[in-house]
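Peer 1: Encoded as structure tokens, here's the structure I'll be asking about.
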């Protein structure tokens, strides 16, 4: 194409182009109807142009120039100049202005993958020790293996650094080489990952204050080829990537700036002490983050409800080999607690929430107590969503603290529950339990529960009232009315009972070291022991009043599945019994203790003892259901329920006044199902005596093995036990299924 003309005269090519554009732009329907177009459009594009556009364009150009049509055609075929287009300011390029296209640089990783072993070695210099640059291979090194084919080497001896182990552990968690797949990765991918890992290791070194560290990367195993082969494919399974680290000096903390922390006045020393980093300490990024959180916590625990801390900034000075640390701190002012506000006052009133809270109005603000209130409200089980926020209602004024109210916004959870439980043991048979409850029937936290039991040895119907957080935090008021029928090898009893009392409860969210309970129990029961059952004698009626009390200490680490620590509990119940006008008074006591000790990562050894005694009257004056028995899944496994102890003339258990039990088991994690399955070999022993003190003359021993399956609500327990010294009539195998550990 020639140069464009400087004269903007409309030439034939431009006219044809415009005509073609106009014609092409019109849809077919428009062309068909254009013969009836208005006069302006008809003047622009006459009907002759629609019939034959080329002829119309030639005739139009010939008429304009006065040249014959043949001459116009010759001009069209000639190399005519392109007319200037209005508004076009960019000059047309010629051939000399177009730059040469440069070829792309090949990807070295792909290039390495396609080369032979020797070529790969050349691409990664330093594979032979004699060819390594000075200082690449440490002469005296501690080499740590990270994964299967990655090594990290640090200087040993006098040049060793204390952080080497921590650095290797941190790098192992970030390394991409550690997880590469021999079946899928080739040498190019290994090289690419090694380059990434080298940068990762350098970053980890900087976290620990080594800003001048030099890291040398080498590959081993590339020289291993089949005998007689100079080149050949690389066996990536033999490739070992090694990083030799020259750590250099560890930088120290220089100046420390903590924003406006000094404005806290008398609290400054304590708050500055919470940020334990001092000038001259070795730089450690993790420690800086941890100490910032420690300072933030300290401010929240000292009354600074709205304190703000910015992100730490570390300015490294390579000449001084120090880093100046800045943590922007805006403490605000000191605040005290005001009142608590509830968004659903009729559901959980502000007064009740204040009873739950561990702070009172006027107390100095503590962030942890706001968090504790949040957990305590969740522990009620009455809310599905919850926010607890401190809101400023009065600003600090001089030495007078400001005031914050605590706003509680909550959404009630479903309050009604229908529950069921099915269990079985070879001694007690089947047991089906069902219940319905409303957890806020009497607000706040007044629970009503209706329950029933249908089992081989027990049938029960009962009504329970329970008010949580009664009078104060974690104190529970209980009242229970039930009617029960019990049938066992030891006795039969038909009982109507009412109990009421208070207790300091345990919860899964708040496992407390100390718990206690005290109450009153009144019951009427018609009973007969095994001998009376065989003789078809009538039941004896007992009217019993008791004051049951309990105190316990829980030093274990988990409520349902303890692995370390111990528990101790004592139950005492003074009782009065009237039977056929004969009044008897006695005291009943029971001591329970258990201990848990981990041995390695997969084994927990657990032991339990239980002692009980009844003092003050002869055993014949004690209702059969109030005596001591042993045997069963929660006692001595391998024996039937309540089948250990003194026997009557018919060989049936008659109960006693002294109880002794011992258990020892090993809880071994198997690793099956992600570590959820454990095997538990165990041995139990127990004895019941008619005397008030244990004599252990007829102690029974059972042993067996159990299976535990860990769930998010506790372990499911299945135990198989057998008696080692059975009495006549004892079964050879006992099966026990329950939730939670045996003790």
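The values are calculated or read from the model by the stated rules, or taken from the named source; none is laboratory data. Since we're looking at a predicted model, the values are computed, not measured. A quick note on method: Cβ atoms are made from the backbone with ideal geometry, for glycine too, and the neighbour counts reach across all protein chains shown.
Peer 1: Do we find a residue being at pLDDT below 85, surrounded by 19 or more Cβ atoms within 10 Å (Cβ to Cβ) and over 30 Å from residue 280 (Cα atoms) anywhere in the range 138-145?
Peer 2: First, the residues of the range 138-145 that are at pLDDT below 85: 138-140.
Subsequent filtering for residues that are surrounded by 19 or more Cβ atoms within 10 Å (Cβ to Cβ) retains none.
Checking the range 138-145: not a single residue is at pLDDT below 85, surrounded by 19 or more Cβ atoms within 10 Å (Cβ to Cβ) and over 30 Å from residue 280 (Cα atoms).
Peer 1: With the condition being outside the structural domain of residue 639 (by TED's automatic domain parsing) and surrounded by 14 or more Cβ atoms within 10 Å (Cβ to Cβ), I'd like the strands (runs of 3 or more DSSP E) fully within the range 346-444 carrying at least 1 qualifying residues. Don't jump to the end; show me each part of the working.
Peer 2: Values: elements: 383-394, 402-412, 416-425, 429-442.
Result: 383-394, 402-412.
Peer 1: Okay, next question. Go through 600, 607, 587 for me and flag whichever is under 30 Å from residue 710 (Cβ atoms), in the same structural domain as residue 677 (by TED's automatic domain parsing) and touching a strand residue (DSSP E or B) at 6+ places or on another chain (Cβ under 8 Å). Give the derivation first.
Peer 2: Numbers: 600 fails: touching a strand residue (DSSP E or B) at 6+ places or on another chain (Cβ under 8 Å); 587 fails: under 30 Å from residue 710 (Cβ atoms).
Step by step, each of 600, 607, 587 is checked, and only 607 is under 30 Å from residue 710 (Cβ atoms), in the same structural domain as residue 677 (by TED's automatic domain parsing) and touching a strand residue (DSSP E or B) at 6+ places or on another chain (Cβ under 8 Å).
Peer 1: Does at least one position in the range 672-689 carry a residue that is touching a helix residue (DSSP H, G or I) at 6+ places or on another chain (Cβ under 8 Å) and more than 23 Å from residue 571 (Cα to Cα)? Write out each step before concluding.
Peer 2: Of all residues in the range 672-689, those touching a helix residue (DSSP H, G or I) at 6+ places or on another chain (Cβ under 8 Å) come to none.
No, every residue in the range 672-689 fails to be touching a helix residue (DSSP H, G or I) at 6+ places or on another chain (Cβ under 8 Å) and more than 23 Å from residue 571 (Cα to Cα).
Peer 1: Before we move on, is residue 162 at pLDDT 80 or above, in a helix (DSSP H, G or I) and outside the structural domain of residue 317 (by TED's automatic domain parsing)? Walk me through how you get there before you give the answer.
Peer 2: Working: at pLDDT 80 or above: yes; in a helix (DSSP H, G or I): no; outside the structural domain of residue 317 (by TED's automatic domain parsing): yes.
No, not satisfied.
Peer 1: Continuing with this model, one more query. How about the range 487-546: which of its residues are touching a helix residue (DSSP H, G or I) at 6+ places or on another chain (Cβ under 9 Å), modelled with pLDDT of 90 or more and closer than 28 Å to residue 568 by Cβ?
Peer 2: The answer is 544, 546.
Peer 1: Could you tell me which of the residues 572, 568 is at pLDDT 95 or above and over 19 Å from residue 626 (Cβ atoms)?
Peer 2: Values: 572 fails: over 19 Å from residue 626 (Cβ atoms).
Result: 568 is the single residue among 572, 568 that is at pLDDT 95 or above and over 19 Å from residue 626 (Cβ atoms).
Peer 1: Out of the residues in the range 610-647 that are under 20 Å from residue 717 (Cβ atoms) and in a strand (DSSP E or B), which is modelled with the highest pLDDT?
Peer 2: 610
For every residue, the table says whether it meets (1) under 24 Å from residue 422 (Cα atoms); (2) outside any strand (DSSP E or B).
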position: 447; (1), (2): yes, no
position: 462; (1), (2): yes, no
position: 472; (1), (2): no, yes
position: 486; (1), (2): yes, no
position: 493; (1), (2): yes, no
position: 500; (1), (2): no, no
position: 511; (1), (2): no, yes
position: 519; (1), (2): no, no
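Peer 1: So which of 592, 557 ends up being assigned to a loop (DSSP other than H, G, I, E, B) and at negative phi? Spell out the reasoning first.
Peer 2: Numbers: 592 fails: assigned to a loop (DSSP other than H, G, I, E, B).
Testing whether each residue is assigned to a loop (DSSP other than H, G, I, E, B) and at negative phi leaves just 557.
Peer 1: Out of curiosity, is residue 658 crowded, with 16+ Cβ neighbours inside 10 Å, over 27 Å from residue 456 (Cβ atoms) and either assigned by TED's automatic domain parsing to the domain that holds residue 606 or under 46 Å from the mean Cα position of the chain (by Cα) (or both)? Break it down into steps so the answer makes sense when it comes.
Peer 2: Values: crowded, with 16+ Cβ neighbours inside 10 Å: yes; over 27 Å from residue 456 (Cβ atoms): yes; either assigned by TED's automatic domain parsing to the domain that holds residue 606 or under 46 Å from the mean Cα position of the chain (by Cα) (or both): yes.
Considered against the rule, which asks whether it is crowded, with 16+ Cβ neighbours inside 10 Å, over 27 Å from residue 456 (Cβ atoms) and either assigned by TED's automatic domain parsing to the domain that holds residue 606 or under 46 Å from the mean Cα position of the chain (by Cα) (or both), residue 658 comes out as yes.
Peer 1: Provide a single number: the residues in the range 165-180 that are part of a helix (DSSP H, G or I) and closer than 17 Å to residue 191 by Cα. Working first, answer last.
Peer 2: First, pick out the residues of the range 165-180 that are part of a helix (DSSP H, G or I): 165-174, 177-179.
Next, only the ones that are closer than 17 Å to residue 191 by Cα stay: 174, 177-179.
Of the residues in the range 165-180, 4 are part of a helix (DSSP H, G or I) and closer than 17 Å to residue 191 by Cα.
Peer 1: What strands (runs of 3 or more DSSP E) lie completely within the range 663-742 and have 3 or more residues being crowded, with 21+ Cβ neighbours inside 10 Å and in the same structural domain as residue 599 (by TED's automatic domain parsing)? Walk me through how you get there before you give the answer.
Peer 2: Numbers: elements: 677-689, 700-711, 714-723, 734-739.
In the range 663-742, the matching strands (runs of 3 or more DSSP E) lie at 677-689, 700-711, 714-723.
Peer 1: I would also like to ask the following. Only one of 582, 572 is surrounded by 15 or more Cβ atoms within 10 Å (Cβ to Cβ), without any contact (Cβ under 8 Å) to a residue 40 or more places away in the chain, within 30 Å of residue 542 (Cα to Cα) and assigned by TED's automatic domain parsing to the domain that holds residue 547; which? First the steps, then the outcome.
Peer 2: On the way: 582 fails: surrounded by 15 or more Cβ atoms within 10 Å (Cβ to Cβ).
Residue meeting the stated conditions: 572.
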